[in-house]
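Structure first, commentary second.
We did not get these values from a lab; they are worked out from the coordinates using the rules stated. Bear in mind the structure is a predicted one, so any value in this text is a computation, not a measurement. Note that we place each Cβ from the backbone using ideal geometry, even for glycine, and neighbour counts take in every protein chain shown.
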Amino acid sequence: MTVFAPRSHGLLVAGPRTYAALTATALVFLLPFYYLVVAASRPMAEMAQSPPPLTPGPLLFSNVAKALDQQNIGLALVNSLVVAGVITLSTVLLCTLAGYAFAKLRFRGRGPLFALAVGTMMIPPSLGVVPLYSLMVALGLAGSLASVVLPSLVAAFGVFFMRQYLVQALPDELLDAAKVDGATALRTVWSVVLPIARPGMAVLGMLTFMTAWNDFFWPVIALDTTNPTVQVALAALGGGYVPDTGVIMAGTLVGTLPVVVVFLLLGRQIVGGIVAGAVKA
Amino acid sequence: MTLTLSRPEPAVVNGRRARRSRLHAFEARSAPYVYIAPFFLLFAAFGLFPLIDTAWISLHRYRLGSSMSFIGLDNYAWLFTNPAFYNALLKTFTIGVLSTVPQLLLALGLAHLLNHRMRGRTFFRVAMLMPYATSVAAATLVFAQLFSRDAGLINWLLGVVGVNPVDWRNGSWAAQIAISSIIIWRWTGYNALIYLAGMQSISQDLYEAAALDGANAWQQFRHVTLPGLRPTILFTIVVSTIGASQVFGEPLIFGGGAAEGGALGQYQTLGLFLYQQGWQIGQLGRAAAVAWVMFLMIVVLVLVNSALARRRERAA
């Protein structure tokens, strides 16, 4: 984990003005979360008043219960958990293998292939939606969770991220030792590479889970509201057939909570991962 | 050791060992390709093939649920004579500028603040990144409430300082500013962390030398931090410009789920236009033409950016 440790640095020491500016910014950044709780716990009539209420009200649980009845939010939560879970497992495993190959193995075409893999990060996946949609219809998968999972089983960012991690974290001596001991390639991956890659895999897993949970464009096209992910259900919730803002906000709260909880528990590591993944530039 | 090697070995064991080491060598040689194959196969199937097929489909009349017929460049002719396309292009550009420029400037300032030795460093970093953890849909639903005309918190706050309520949903610039503010809120912290990482890789010696030369804090920022961050800044510009060309969820949900982007298309981006053509009107061929034009724009953008970067490197 040392790779992700923030470097200590010298000259600048925060004064009161720095604290004040940072605190003000943090408040602005966190205000929408607070207001989400306020709006989710108030009856609609109060949310339509001016000035709007500034403190949480008593209706949080009844609004959440109503939201769970609307737009399949309950099913959407389960679906999103399945989709994000499968994508995370697959992405972490496949990206670790590819990242290990690019970081530590010598083979013909390594440089160009890695450049190609990184280059694909520049292509926004949303541009291929038309053929992707016909493909899923042809495979009979339109509307199913598989149509959302399949295109995201692996990610160029993850390959890049695991390569950067393993270049530093995995000493060549260990691989040499495994070779001297006569370990097969598979054995080396299992007993040497994976244990050392684990911290990097954990960070990549969290980032992947967040991205998959929040993915919007393709799921909105591929799925409909009878079998939605959380984001598809939220889009429908905002689509106007639920006039009660308190219920809309309660649904939003329920759909956001899992990721925010993960983030609050592991935010430090996620921050470290984003910083480490960015240093390539 | 020498003793062991020089001892004669039975021929059978020798042969088996040779076979096994050949197997080993083959396994070792092919292993890297086996490890990278899933990435490239999946990318070929769900990334590259759809991209190329998009170009092919864009040459067809292709309605949702029916078969394709070849019509050459008709979709492009339709696109380039369509005022709605130019409107979407313009709105993508203006929302892109309104969201990207303040976002990166704020991120730069924020990274500078975070680059101090302080208490509560982790708290501030996590707080800045919290918006990044929320989804486009959730963020937009909350902001739509904050920006509501009659009972929104923002209009109320504006009223407190004596500004008349703004119709954030129907005004053209107002709606674009509201949508941009959602993007700014979600991405500023993320970019600040990337700048922070870049700042921490700048050598302390440079700052000490500048301080010895009598440079004040601003001059140090201007002449040490900014030049050191140049590659990072270029990276974030490319990434956020590509992101800005794809804006979709914010205007969709801000407009209550309608792909028109406001009654007059005040905030219809190219992403929304593509979705409207493909899945609301059902003209998948036209949607593919929009996607392919967007792709070419991104290619040009990335090329221009890397050419600029290379020229600056040579000049430096």
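Side notes on the structure shown:
- Förster radius 60 Å - calculated FRET efficiency between A:V167 and B:V97, Cβ distance, rounded to 0.05: 0.95
- Percent of Cα pairs in chain B per distance bin of 20 Å, from zero to the largest separation: 23, 43, 23, 9, 2.
- Length-normalised contact order for chain B - Cα pairs under 8 Å, 6+ apart - percent: 25
- Across peptide B:232-238, the average count of Cβ atoms from other chains found within 10 Å of a residue's Cβ is 2.
- Likely footprinting exposure, A:I196, B:I95, fewest C-beta neighbours within 10 Å first: A:I196, B:I95
- Anchor A:K104: aspartates and glutamates whose Cα lies under 14 Å away (excluding residues fewer than 8 positions away in-chain): A:D172, A:E173, A:D176
- Axial C-alpha extent at least 27 Å, average Kyte-Doolittle at least -1.0 - helices from chain A (DSSP): A:16-40, A:73-104, A:194-214, A:245-278
- Among A:E46, B:E250, B:E208, sorting on how many other beta-carbon atoms sit within 10 Å of each Cβ, with the fewest leading, yields B:E208, A:E46, B:E250.
- FRET efficiency, B:R311 to B:A215 (Cβ-Cβ, R0 25 Å, nearest 0.05): 0.35
- Sorted fewest first by neighbouring Cβ atoms within 10 angstrom, B:T140, A:T208, B:T100 come out as B:T100, A:T208, B:T140.
- Inter-site label distance for B:V161 and A:L174 at 7 Å from Cα along Cβ, in nm: 5.4
- Of the DSSP H helices in chain B, those that are both long (alpha-carbon extent of 20 Å or more along the helix axis) and hydrophobic (Kyte-Doolittle mean at least -1.0) are B:11-43, B:83-114, B:172-200, B:226-245, B:284-315.
- Between B:I52 and B:Y86, the FRET efficiency from the beta-carbon distance, with R0 = 30 Å, is close to 0.65.
- With the convex hull drawn over the C-alpha atoms of the protein assembly as shown, the volume per residue is 203 Å³.
- Theoretical ellipticity at 222 nm over chain A - DSSP helices of four or more residues, -39500 (n - 2.57) apiece, nearest 500: -22000 deg cm²/dmol
- Chain lengthening between B:A18 and B:V299 when straightened (0.36 nm per residue, less Cα-Cα): 96.0 nm
- Counting Cβ atoms of other protein chains within 10 Å of each residue's Cβ and taking the mean over peptide A:28-39 gives 5.
- Measuring between their Cα centroids, the range A:95-134 and the range B:39-59 lie 14 Å from each other.
- Placing a label point 7 Å from the Cα of B:R29 along the Cα-to-Cβ line, the residues of the range A:101-117 whose backbone N sits under 12 Å from it are A:108.
- A dipole drawn for the protein assembly as shown from +1 and -1 charges on Cβ atoms has a positive end, and of B:T140, A:A98, B:A307 the residue lying farthest that way is A:A98.
- Normalised by residue count, chain A yields a Cα convex hull volume of 179 Å³ per residue.
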